[in-house]
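Below you'll find the structure, written out as structure tokens, and then a few comments.
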């Protein structure tokens, strides 16, 4: 990529000199962190970089969206835009929209004021309250709670969450895995159950496990 042509693209889009220069710096920082041509980046790289940047991730995603749009990587331009929006206004995942969750369980949880995965995580954070919720809502609660924990990993939504739930069982077990073990386990689960999904790539597996370890304070 020519820096001059990218700068010209930003200027044509109405960016100020300062904004265009800042955008280029942020893209260069991503390329340095990535260690190779950012044009070959994958979705898992974006999610890992968000974790790496922490509170500064919004600015990086702003710049990367322009960069990937300029380079005709529409998949990553869309993803960086979505991830930035999630940081600005965290997404909610309605229980009613989740595939595979029994409607009667959703109804019982809704009656308890729990309408989303995020509501469930908050309500079940305390072990005693989690036990009381399980008693009140009945069969299916434990499975849904574990799914909610998997979906706390950035980028993991319903399908990925159910895949990891199916092959790892718990977030703690996932945290103790190695990337190649997760890929093998996911592949076997998909082959044996006909699950409509694909196994993670090596980068995605490594990122997913690192996030599971962070969330569970795992120590090998």
| note | residue 99 fails exactly one of (1) more than 30 Å from residue 56 (Cβ to Cβ); (2) at pLDDT 85 or above, namely (2)
| task | Give segment 172-183 a look and list any residue that's within 18 Å of residue 216 (Cα to Cα), in contact (Cβ under 8 Å) with a residue 24 or more places away in the chain and surrounded by fewer than 22 Cβ atoms within 10 Å (Cβ to Cβ), or say none. | result | 172, 175, 176, 177, 178, 179
| message | On the basis of being touching a strand residue (DSSP E or B) at 6+ places or on another chain (Cβ under 9 Å) and in contact (Cβ under 8 Å) with a residue 24 or more places away in the chain, does residue 120 make the cut? | response | no
| note | Exactly one of 188, 157 is outside the structural domain of residue 47 (by TED's automatic domain parsing) and in contact (Cβ under 8 Å) with a residue 60 or more places away in the chain, and that one is 157
| said: So in segment 2-45, with the set limited to residues that are within 28 Å of the chain's Cα centre (by Cα) and touching a residue at least 40 places away in the same chain (Cβ under 8 Å), which one is surrounded by the most Cβ atoms within 10 Å (Cβ to Cβ)? | reply: 23
| field | residue 69 being more than 21 Å from residue 156 (Cβ to Cβ) and at pLDDT below 90 | value | no
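The values are calculated or read from the model by the stated rules, or taken from the named source; none is laboratory data. As the structure is a computational prediction, the values presented were derived from the model and not from experiment. Here the Cβ is made from the backbone with ideal geometry for all residues, glycine too, and neighbour counts use every protein chain on show.
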